[in-house]
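One structure is given here, and the rest of the page talks about it.
Values in this text are rule-based calculations from the coordinates and carry no lab data. Model, not experiment: these values are computed from the prediction. Here the Cβ positions follow ideal geometry from the backbone for every residue, glycine too, while neighbour counts run over all protein chains shown.
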Amino acid sequence: MSIAKEHRWLLLAVCAAQFFMPFMVAGVNAVLPPLGESLGASARELSLLGAVYTLGLVVFQLAGGTLGDIYGRRRVFLFGLSLFSVLALVLGFIPHIDVFIGLRLFQGMGAAMLSSSSLALLASAAPKEMRASYLGLSGVAVYAGIACGPPVGGLVAGWLGWRWLFWGTGLAALAAMCIMIFRVPLEWRTADKEPFDVPGCLLYGGAMAALTFGASCIADDHLLGGGLFLLCLVLLACFVWRELRSPFPMVDVRLLRRNRVLSLSLVAAFVNYCSFFGMVFFFSLYLQVGRGFSVQEAGLMLALQAAVQSLASPLAARLCDRYDQGLISTAGTVLCGLGLLSAAFLDMDSSLWIIVGAQCFIGAGAS
């Protein structure tokens, strides 16, 4: 069955937005050395560039979905996409690393809102028999963004400078926003009478902020890092307590206890994304600063992991149809672990084949 004509513009706008979100993470990680040199950033500050962007994603992914149900998914999508695209353009002009880090947090917030509302828009608009196809196209866009981020970011930074990575992404995202404004007039909402869970959002956001900054400073200050980790646990406990008693929770935590498949799938996804984005950051600095690769060469090398993941995904899907899905997920987690373990033994004289092997293991496992 072909895609309905009135949904083609919606799919184009949503898939474009889903592409930009991971592209911005993977692309920026690939150009960290020239970006850091231009802004005078330390290694810790460079790590925060990705961490605060991801913090915005994590905190507002839940909030964005709830806000879309209450105020309208198209409206939240447009707000998130406008915040993401305008800040991408602005970031290309920022000369100070502290301001840059702060704006990356807000860009992550915009990315979270457009991401959470994107899937809800497709699920709402798609006919029942086409829902899997619509969501599948969205998934393809996400993995395309992951795969294209390092090589495109490296080539753009090498030819035009790293700032053009932000300017180009911002302009393309604005084009997607125009498509949604002028070609998709429909709105969807399901909970317009429900209040937004502000205390739950604040508790969850505080816990994730404590976790992020605790992880970033634990190497320099064990006491502060440990204290922030403890604060994270306390705030998460308060968040769970609040959600269990709220008549309109931001997330139904009981669902995690009742549905073991969902809980274990979330753990597998956590390992997946930790493996991918952590290794992109590590290999970017290792290849360019440690081994003297150019930004273009490093970008092409970093694309290997996403390429393997894209090629292995159809095989993984067929294996899940024939064998137990839990067994396949476990095997994938083991492969990710082998890739991380092999990367732990790298030094300045290590063979590049170890890097290739680590990326192949992680890419195959994450698929």
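Go ahead and run the numbers for FRET between Arg44 and Leu341, Cβ-Cβ distance against an R0 of 25 Å, rounding to 0.05.
On the way: r = 25 Å, r/R0 = 0.99.
Given R0 = 25 Å and the Cβ-Cβ separation, E is 0.50.
To the nearest 20 debye, what charge dipole does segment 1-195 have about its Cα centre, counting +1 at the Cβ of each Lys and Arg and -1 at the Cβ of each Asp and Glu? The partial results should precede the final answer.
Working: 13 positive and 9 negative charges, 85 e Å.
Charge dipole, segment 1-195, about its Cα centre: 400 debye, nearest 20.
Stretched out fully, how many nm does the piece from Arg8 to Leu352 gain, at 0.36 nm a residue minus the Cα gap?
The span from Arg8 to Leu352 would gain 119.5 nm if fully extended.
Compare the peptides 349-357, 101-109 by average per-residue count of other Cβ atoms within 10 angstrom and give them in order, highest first. Write down the numbers at each step before the final one.
Details: 349-357: 12.7, 101-109: 21.2.
Highest mean packing first, the order is 101-109, 349-357.
With a point put 7 Å past each Cα toward its Cβ, work out how far Val198 is from Glu37 in nm, to one decimal.
Output for this residue pair reads 4.8 nm.
Multiplying the sequence separation of Leu244 and Asp98 by 0.36 nm and subtracting their Cα-Cα distance, what value in nm do you get?
Fully extending the segment from Leu244 to Asp98 adds 48.8 nm.
Can you pull out the chymotrypsin sites (Phe, Trp or Tyr not before Pro) in segment 1-104 whose DSSP state is coil and whose Cβ has at most 11 other Cβ atoms within 10 Å?
Numbers: sites: Trp9, Phe19, Phe20, Phe23, Tyr53, Phe60, Tyr71, Phe77, Phe79, Phe84, Phe93, Phe100; in loops: Phe93.
In loop regions of segment 1-104 (DSSP not H, G, I, E or B), the sparsely surrounded chymotrypsin sites (Phe, Trp or Tyr not before Pro) are Phe93.
At 0.36 nm per residue, minus the direct Cα-Cα distance, what do Arg75 and Glu297 gain on full extension? Give it in nm, one decimal, please. Can you show the working numbers first?
Values: separation 222, 0.36 × 222 = 79.92 nm, distance 4.05 nm.
Extra length from Arg75 to Glu297 when fully extended: 75.9 nm.
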